[in-house]
Amino acid sequence: MIFDFQWKLGQHCIAPPTMMVGLVASSANSTCTEATPSYWTYMPYSENPFRQQFATRPTPEPCTVVIFGATGDLTHRKLVPALYSIAADGELPPTLKVVGFARREKDDATFRNELEAANRKHSRATHDDALWSTFSESIHYHCSEFQDVEGYRALGKRLDAIDKERGTGNRLFYVASAPEFFDEILENLRTSGLNKAPAGSWARVVVEKPFGTDLPSAQNLNSIVSETFAERDTFRIDHYLGKETAQNIMVLRFANAIFEPLWNNRYIDSVQITCAENLGMEGGRGGYYDKSGALRDMVQNHLLQLLSLVAMEPPTDLSADGVRDEKVKVIRSLRPITMADVAESVVRGQYIEGSVDGKAVPGYREEDRVDPESMTESYVALKIYVDTWRWEGVPFYVRMGKQLPKKATEISVHFRFPPSVLFNSIPMQGDVRGNVLVMRIQPDEGISLRMLSKIPGAALRMEPVKMDFSYSTSFGKASPEAYERLLLDAIAGDATLFARRDEVENAWRFIDQIENAWHNNPSPPPMTTYPAGTWGPQEADEMLERDSRTWRRI
Amino acid sequence: MPPDTTTNPADDSLSSLGAPVSIDNIEASLKALWSANATHTRCSLINFVVYSERENSLARNAALLADITSDHACRALVIDAQTAAGASATLVKSWITAHCHLNQAGGKAMCSEQIAFQLRGNLPKLVPNTVFAHLDSDLPLAFWWQGGFSSAFDSHLTRRIDRLVIDSASWGDPQREFATLQAARQQSGARFIVLDLVSTRLFAHRLALAACFDTPETLAGLDRIDRVTIHHHAGQRFTAQTFAAWMTLKAGWNLESSCTSDSMQLSKGDGQALQLDLLESNEVTRCPGVSAVTLSGTDIDVSLAIDDSGRYLQSKVTIGDRPPLGCLTPLLACSEASLVSQRLRQPGNDALYFRIWNLLLPCI
């Protein structure tokens, strides 16, 4: 049976009675068209009996996504390719629109062409011309200065027209601009009334990192956000939480019976969290980085989030606040690193010229847009204690560095040595007696467990062996990009994988003390150095050697 | 390198099954296969048995597995079993091969092992042992039983199955097969969940119909529906009946006493009657199942139909003189291999599955 409608994907079509309809979203679970203006309204899926039992997770609802900073790198490399990949998987909600908001003058067609070129390079899903043609129909460009409230009022009118056309007033504002515009964007959203959703709809905001540069600026930004949007409608993105491997930490710990009984100071000797990058300040990154540094750029957000997932107590449920309540308890339990402790517990460093991947690279202070007398760290290593019953006496060694030998983010849980009564007379090279559980966050995502095994033969000799689980070989398919999951969650209103206000502020409180000890100390600890392409300053190795430990070889 | 398994589904010769091996040498031969191929990675998340008692099913099922393994790394056992009388009639032939696919991430060749068996003899004895002896330890067992159940579907086998894949649309005697299925589920120790391809075939239809009722206007119109017609392709009557039963349960309608295989008398919450008819269409399609659905009543018409390309379901809602609302829903799975792949991706229990059967039993 074929209707009297003429349907053609990616083209406009004529619907009786002589009413123009436009195809308004790509191959979502359903892609809907309707007349303009709308004669239909949408209700929450939960009220539709035919929808019940379909979803095992909150369902993304039809909405308009407004991206501030639409001409920026993030939009081109991550956000739009993520939306496209979601569409290709058939999970984009029906009647979704994307409106890019930025300062440069251009029309919809130019904007779409630029995004298409970026999508070809960056999307996880293979770029398909037919699908892109349909998907791009729902992308628009709105030109305005971020400071110009009239531009927001014009945006409001445009969104009203879209709402009327679509029958839904849901709006997701994604603040992906340079951080200096965050305040103004939020204030102008409030002034223009865009923060208030029409009755029966929602308005949410996603704020990119950095969420402040210290505690006062984060509190200031939070107060502006909270004057503009309710906390339940605020989604502070930390893309590490969108990674499959980060999400799997809770599954590994709480869905497997064998780990949790051992997950405490009786059995765990120490934990190491490493984020190594084999890049420096390429592509003009030095300008931003030199104002930030490794501690604020990576540790305050990503690495403390990973630490909290490793150290948290089991949540009472998997609700957003159930999980975040437990994570924030960890952050609040971090033992403060005072001015007196900082030299013992923190090592900062800068790379000097060296070699990475066979190429000579300059030192940090010689990099483009970096102050030649910069005191910004490109490497930081910390010894952190979590002052809870479970973790009493267990150090968490956290390190992050640029221009290290390889790119890797990994968490390793080092178990205590077994009682040395049976095999202690057997010679073994190095520190291999303890079991090590490694969670590889990126790349080569997976989990491995190191254990000792007898080498076959008449003599009793032992060597460590690894049991290894790899995402790519077990599951074959590439995991969705972190931004895909996070965008879907924000559209569905699920904040579990987003940072809450108190998490962000408590993390800054911890970091600010270290920054204060570095920069406001009459006798600050030295800025150490390390040749680019090596595993960081010797002082970081010595910090562990003082505890009779070593950094894990990655 | 593992044998090339780029097979033509139409090719029913046994050459696509790989290297013939004796049954007592299968594991050693597989080990030798992998030790000789360091560049290929053996992958397995489940044990997946494809079992058929149809003649010459091996090549066809191996071709299906070549597709399915691109989504589901597994230890695959493909079995062609035929009953043969007499003790001397026992015959087992076996072959090994691997289905390799480049993974998206690193361009590595990810390979699923396949062991093919041709079994001739006393199946209740032969099948469980053949299966159990060649499973990858500790991994779940998904068992695709093609066609109606036979005496080999006994408790020794079924108690070890975790996920049972069936296609109830292929059953000649649905009542008898369902009774067998229910009996197996109720046996002590049975733990399998049922993954019926009929449910998968209807997934897009359910989604499309649900999308039609996302607006308060259409939801209010549900009470005014008084006639439903479901068109289905040849051989898909039971699929259409399943859709009718799902709709009935979701909409809160009640089945009245009058019920045949091509019509159902229903009543709504207010007691008003609703007529549901099933009609067979002779369209040729790449996506057999339900071809079109119409729900009509005073001032409301809701329709679903597969579009010309066969890739989408078009839906259209008309209420009064409002301009119509239309939706396109992708038909993500049509072929047998894609249906199985999708079903294995959603291995949870279908909460309504047995309620649908109970509703349908008097009508089939």
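Which three semi-axes in whole Å describe the equivalent ellipsoid of the stretch B:215-364, each the square root of 5 times a Cα gyration tensor eigenvalue, listed largest first?
Values: eigenvalues 117, 87, 46 Å².
Taking √(5λ) for each eigenvalue gives 24, 21, 15 Å, largest first.
Counting pairwise Cα distances across the stretch A:407-492, what percent come out greater than 19 angstrom?
Details: 2044 of 3655 pairs.
The calculated P(r) of the stretch A:407-492 puts 56 percent of pairs beyond 19 Å.
Which pairs in the list A:Lys157/A:Lys196; A:Lys164/B:Lys250; A:Lys164/A:Lys196 are over 19 Å apart, alpha-carbon to alpha-carbon?
On the way: A:Lys157/A:Lys196 14 Å; A:Lys164/B:Lys250 30 Å; A:Lys164/A:Lys196 16 Å.
Flagged as over cut-off: A:Lys164/B:Lys250.
Please work out the C-alpha center-to-center distance from the stretch A:438-467 to the stretch A:382-415 and express it in whole Å.
Cα centroid of the stretch A:438-467 versus Cα centroid of the stretch A:382-415: 20 Å apart.
Can you give the mean number of other chain Cβ atoms that lie within 10 Å of the Cβ atoms in peptide B:211-222?
Values: counts 10, 4, 6, 18, 10, 7, 5, 2, 5, 0, 0, 3.
Neighbouring Cβ atoms belonging to other protein chains average 6 per residue here.
Report the Cα-based extents of chain B along its three principal axes, largest first, to the nearest Å.
Reported extents, whole Å, longest axis first: 71, 48, 35.
Work out the length of the dipole vector of the protein assembly as shown about its Cα centre, built from +1 on the beta-carbon of each Lys and Arg and -1 on the beta-carbon of each Asp and Glu, and round it to the nearest 20 debye. Can you show the working numbers first?
Values: 91 positive and 111 negative charges, 400 e Å.
That gives a dipole near 1920 debye.
If you take every residue apart from B:Gln146 with its C-beta less than 14 Å away from the C-beta of B:Gln146, what net charge results, scoring Lys and Arg +1 and Asp and Glu -1? Walk me through the intermediate numbers first.
Working: positive: B:Arg54, B:Arg60, B:Arg343; negative: B:Glu53, B:Glu55, B:Asp80, B:Asp167, B:Glu177, B:Asp196, B:Glu336.
Summing Lys and Arg as +1 and Asp and Glu as -1 gives -4.
Cβ under 12 Å from A:Ala507's Cβ, A:Ala507 left aside: what net charge do those residues give with Lys, Arg +1 and Asp, Glu -1? Please report the intermediate quantities before stating the final value.
Numbers: positive: A:Lys209, A:Arg236, A:Arg296, A:Lys327, A:Arg332, A:Arg500, A:Arg501, A:Arg509; negative: A:Asp214, A:Asp238, A:Asp502, A:Glu503, A:Glu505, A:Asp512.
Local charge sum for A:Ala507: +2.
With a Förster radius of 35 Å, plug the Cβ-Cβ distance of B:Ala190 and A:Glu260 into 1/(1 + (r/R0)^6) and report the FRET value to the nearest 0.05. Can you show the working numbers first?
On the way: r = 31 Å, r/R0 = 0.87.
The value I calculate is 0.70.
Please list, in chain and number order, the residues 5+ apart from A:His140 or on another chain whose amide H is under 5 Å from its amide H, with Hs placed from the backbone.
Here A:Val98, A:Val99, A:Gly100 satisfy the definition.
What ranking of B:Phe132, A:Phe182, B:Phe149 emerges when the number of other C-beta atoms within 10 Å of each C-beta is taken as an exposure proxy, fewest first?
Details: B:Phe132 12, A:Phe182 23, B:Phe149 20.
Lowest count first: B:Phe132, B:Phe149, A:Phe182.
Toward the positive end of the charge dipole of the protein assembly as shown, about the Cα centre and with charges on Cβ (Lys, Arg +1; Asp, Glu -1), which of B:Leu276, B:Gln314, A:Ser333 goes farthest?
Positive-most Cα among the choices belongs to A:Ser333.
Starting from the Cα of A:Ala343, step 7 Å along the direction of its Cβ; do the same at A:Ile554; then give the gap between the two resulting points in nm.
Here the modelled spin labels are 2.8 nm apart.
What pairs from A:Lys209/A:Lys327; A:Lys291/A:Lys359; A:Lys327/A:Lys383; B:Lys31/B:Lys108; A:Lys359/A:Lys406 go past 22 Å between their alpha carbons?
On the way: A:Lys209/A:Lys327 19 Å; A:Lys291/A:Lys359 27 Å; A:Lys327/A:Lys383 19 Å; B:Lys31/B:Lys108 20 Å; A:Lys359/A:Lys406 14 Å.
Cα-Cα > 22 Å for A:Lys291/A:Lys359; rest within.
How high is the relative contact order of the stretch B:14-161, in percent, with contacts defined as C-alpha pairs under 8 Å that are six or more residues apart? Present the calculation step by step, with values, prior to reporting the outcome.
Details: 279 pairs, mean separation 44.4, N = 148.
That works out to 30 percent.
When the label point is put 7 Å from the Cα of B:Thr83 along its Cα-to-beta-carbon vector, which residues of the stretch B:107-144 have a backbone N closer than 18 Å?
B:119-129
According to the Cα gyration tensor, what semi-axes, each the square root of 5 times an eigenvalue, does the equivalent ellipsoid of the stretch A:230-326 have, listed from largest to smallest in whole Å? It would help to have the intermediate numbers written out before the result.
On the way: eigenvalues 170, 75, 25 Å².
Values for the stretch A:230-326, descending: 29, 19, 11 Å.
Could you list the square roots of 5 times each eigenvalue of the Cα gyration tensor of the stretch B:14-161, that is, the equivalent ellipsoid semi-axes, sorted largest first and rounded to whole Å?
Working: eigenvalues 140, 51, 38 Å².
So the three semi-axes of the stretch B:14-161 are 26, 16, 14 Å.
What are the aspartates and glutamates whose alpha-carbon lies under 16 Å from the alpha-carbon of B:Lys316, with same-chain residues fewer than 8 places away excluded?
Cα-Cα hits under 16 Å: A:Asp4, A:Glu34, B:Asp214, B:Glu217, B:Asp299, B:Asp301, B:Asp307, B:Asp308.
So for the pair A:Lys164, A:Lys329, with labels modelled 7 Å out along Cα→Cβ, what separation do we get in nm?
Calculated label separation equals 5.2 nm.
Compute the helix-to-body angle for B:237-251: its Cα long axis versus the longest principal axis of chain B, expressed 0 to 90° and rounded to tens.
Long axis of B:237-251 versus the principal axis of chain B: about 50 degrees.
Within the stretch B:315-357, what residues put their amide N at less than 15 Å from the label point 7 Å along the Cα-to-Cβ vector of B:Arg227?
Under 15 Å, as judged by backbone N against the label point of B:Arg227, lies no residue of the stretch B:315-357.
Hey, fewest Cβ within 10 Å first, where do A:Thr245, B:Thr39, A:Thr529, A:Thr95 land in order?
On the way: A:Thr245 23, B:Thr39 7, A:Thr529 19, A:Thr95 29.
By the 10 Å Cβ count, ascending: B:Thr39, A:Thr529, A:Thr245, A:Thr95.
Given the Cα-Cα distance of A:Lys454 and A:Met43 and 0.36 nm per residue of separation, how much length would full extension add, in nm? It would help to have the intermediate numbers written out before the result.
Numbers: separation 411, 0.36 × 411 = 147.96 nm, distance 6.39 nm.
In short, 141.6 nm is gained.
Rounded to two decimals, what is Rg over Rh for the protein assembly as shown when you use alpha-carbon atoms and the Kirkwood radius? Intermediate results must be reported in sequence, preceding the final value.
Values: Rg = 30.8 Å, Rh = 31.0 Å.
The Rg/Rh ratio comes out at 0.99.
Separation of the stretch B:203-248 and the stretch A:258-317 by C-alpha centroid, Å?
Going from one Cα centre to the other spans 50 Å.
Under the rule of -39500 (n - 2.57) per DSSP H run of 4 or more residues, summed and divided by the residues of the protein assembly as shown, what mean residue ellipticity at 222 nm is obtained, to the nearest 500 deg cm²/dmol?
Details: 26 runs with 262 residues, N = 918.
Result for the protein assembly as shown, helices only: -8500 deg cm²/dmol.
With contacts defined as alpha carbon pairs under 8 Å and 6 or more residues apart, what's the relative contact order of chain B in percent? Please report the intermediate quantities before stating the final value.
Details: 735 pairs, mean separation 50.0, N = 364.
Worked out over chain B, it gives 14 percent.
Kindly rank A:308-318, A:234-244 from highest to lowest mean number of other beta carbons found within 10 Å of each residue. Don't jump to the answer; show the numbers that get you there.
Numbers: A:308-318: 17.5, A:234-244: 22.1.
Packing proxy ranking, top to bottom: A:234-244, A:308-318.
How about A:Lys407: which aspartates and glutamates have a C-alpha closer than 16 Å to its C-alpha, ignoring those fewer than 8 places off in the same chain?
Of all the aspartates and glutamates, those that pass the test against A:Lys407 - Cα under 16 Å, at least 8 places apart if same chain - are A:Glu277, A:Glu282, A:Asp357, A:Asp444, A:Glu445.
Comparing B:Gly235, B:Gly269, B:Gly289, which has the greatest mean-square fluctuation in the GNM of chain B with Cα pairs linked when under 10 Å apart?
Highest fluctuation among the options: B:Gly269.
Can you sort B:Ile68, A:Ile249 from fewest to most other Cβ atoms within 10 Å of each residue's own Cβ?
On the way: B:Ile68 24, A:Ile249 19.
Taking fewest neighbouring Cβ atoms as first place, the list is A:Ile249, B:Ile68.
Laboratory data are not the source of any read-out in this text; all were calculated from the coordinates shown. Worth saying up front: this structure is predicted, and the values here are computed from it rather than measured. Cβ atoms come from the backbone with ideal geometry, glycine included; neighbour counts cover every protein chain shown.
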